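Working notes for the structure below.
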Amino acid sequence: MVRHPFKEELLVVSRIPGFRNLSTSERRKIVVEAAGIDIAELAAFDADGFDVEAASHLSENVLGTFALPVGVATNFTVNGEDVLVPMVTEEASVIAAASNGARFARALGGFRTSSTGSIMQAQIQLVDLVDPHAARLRLLEARTELMELAAAQDPKLAEVGGGVRDLVVRTVNFDDETYVVAHLVVDVRDAMGANAVNTMAEAVADRVAEVAGGRVVLRILTNKADMRLARARAVLDAETLGGPPVVEDMVHAYKLAAGDPYRAATHNKGIMNGISAVVLATGNDTRAVEAGAHSHAVGAEGRYTSLSTFEEDADGNLVATLELPMPVGLVGGATKTHPGARAAVALTGVTSASELAELITAVGLAQNIAALRVLASEGVQRGHMSLHAKNIAIAAGAGPDEIAPVAAQLIAKKNFGHDQAEAALAELRSGR
Ligand code: NAD
């Protein structure tokens, strides 16, 4: 928020014609003057490893780059192979929990994964139709022609084995309207595919309108990527988890999420802690994956529920599964242009978008396993706050040499209050 005393001046501050055409250093001068802060503060936007000029091509009005911790989750075995998982997150205990969940899964072979393949869909909405049901059939009669027209937009995709796979036409009723909605079903291979399918949808729109006898309004992908699902499964040894009572309570914890949206939201947030961190690390679109997950969490019964399942198998072990849309790519978007994303993908060793999607789903499940286990046994706060203690120490003003001793004090006293951190810091500085 720009600190300025008067509203009129605030408006003047944020109205900066031509801002996008300036260099990064010119932009910095303007914003520090407007915000009344020292230009040295913006040195925080100089993340090493990501050249600001390269960053300027990814987004707009760029001032610099914004660094976040990147770490590696350990203990992951996926389909019989060990893999390192790069994760970018600002939240303490996420990477530790993913590594912990993977350790539980590892005892009986780790994660098994599968996926549908990279099928994305674009929607073309038709309005002003006199005969919507007949229009739908006219479009289906023109299916081959429309698919060929769409496919012609992306010869590169065809070259790598992708392309248009189907044309599906639905009707959607709302508020006295019957819309006809055509879906282009496209195999986008190793791309996330949003731009690819949007280009196709725009290219066929005029012809679709002509065939249907109406007017096209929207032409854009759906983030409900339910034809692009990734799945992960793990069998968790009951003894390693802490014995049958822990298994029983983990099932209770899952069932509450399955039956109660208040719990499901937090249960699924835990899954997304792991998923979003890997999606971000690999330069993929976190919002697209999150939107897909939310839409998928509304199950067949039309009610928001758990994305994962937990059940006891015949041997008394706990079986955990996760299935959700996972639209991530290895080409396109920021995946190839962000050097950090390239390094992260190289660390994983994945060679296809499907492989990456499956790995990310395994991480989501590992995160969920760790969260449920800790919730069903000691509760989250002890471990979480211990990891968060350093953060509290920094917030209280601890310098590099003071962070560890102040955090240790907070953990020893089991008091993670800001006041306690300030007191511990003062005590340390006074040499007592
Ligand atoms: P893109 O257009 O940059 O790259 C995809 C293209 O790469 C393909 O169309 C193809 O021509 C080419 N290509 C080369 N080798 C390929 C291979 N092996 N497999 C597949 N394609 C290959 O990007 P995109 O993946 O179409 O779109 C992703 C971007 O779109 C992301 O940045 C995302 O944030 C953004 N986006 C998202 C939404 C949304 O989710 N609602 C909407 C608009 C844009």
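The values are calculated or read from the model by the stated rules, or taken from the named source; none is laboratory data. Everything numeric in this text was worked out from a predicted model, so none of it was measured. As a convention, Cβ positions derive from the backbone with ideal geometry for all residues, glycine included, and neighbour counts pool all protein chains shown. Only protein heavy atoms, including side chains, enter the accessible area calculation; ligands, DNA and RNA are left aside. Shrake-Rupley method; radii C 1.70, N 1.55, O 1.52, S 1.80 Å.
Here are some notes:
- Degrees between helix 94-106 axis and first principal axis of the chain (Cα, 0 to 90, nearest 10): 80 degrees
- Using Cβ point charges alone (K and R +1, D and E -1), the dipole size of the chain about the Cα centre works out to roughly 320 debye.
- Distance from region 229-289 to region 105-184 (C-alpha centre basis), Å: 30 Å
- The mean sequence separation of alpha-carbon pairs under 8 Å and at least six residues apart, normalised by the residue count of region 382-430, gives a relative contact order of 41 percent.
- Within the accessible area of region 46-160 (1.4 Å probe), percent carbon and sulfur: 52 percent
- Surface share of carbon and sulfur [accessible, 1.4 angstrom probe, percent] for region 382-430: 56 percent
- With the highest mean first, a sort of the peptides 385-392, 138-145 on other beta-carbon atoms found within 10 angstrom per residue produces 385-392, 138-145.
- Whole-percent carbon and sulfur share, accessible surface of region 168-290, 1.4 Å: 51 percent
- In this Cβ point-charge picture (+1 for Lys and Arg, -1 for Asp and Glu), region 119-221 has a dipole of about 160 debye about its Cα centre.
- Contact order relative to length of the chain, as percent, for alpha carbon pairs under 8 angstrom and 6 or more apart: 17 percent
- Dipole magnitude for region 214-363: about 1160 debye, using +1 per Lys or Arg Cβ and -1 per Asp or Glu Cβ, origin at the Cα centre.
- Heavy-atom surface of the chain, accessible at 1.4 Å and reported per residue (Å²): 50 Å²
- Against the chain, whose longest principal axis is taken from its Cα atoms, helix 403-413 shows a tilt of about 80°.
- Percentage relative contact order, region 196-353, counting C-alpha pairs under 8 Å, at least six apart: 29 percent
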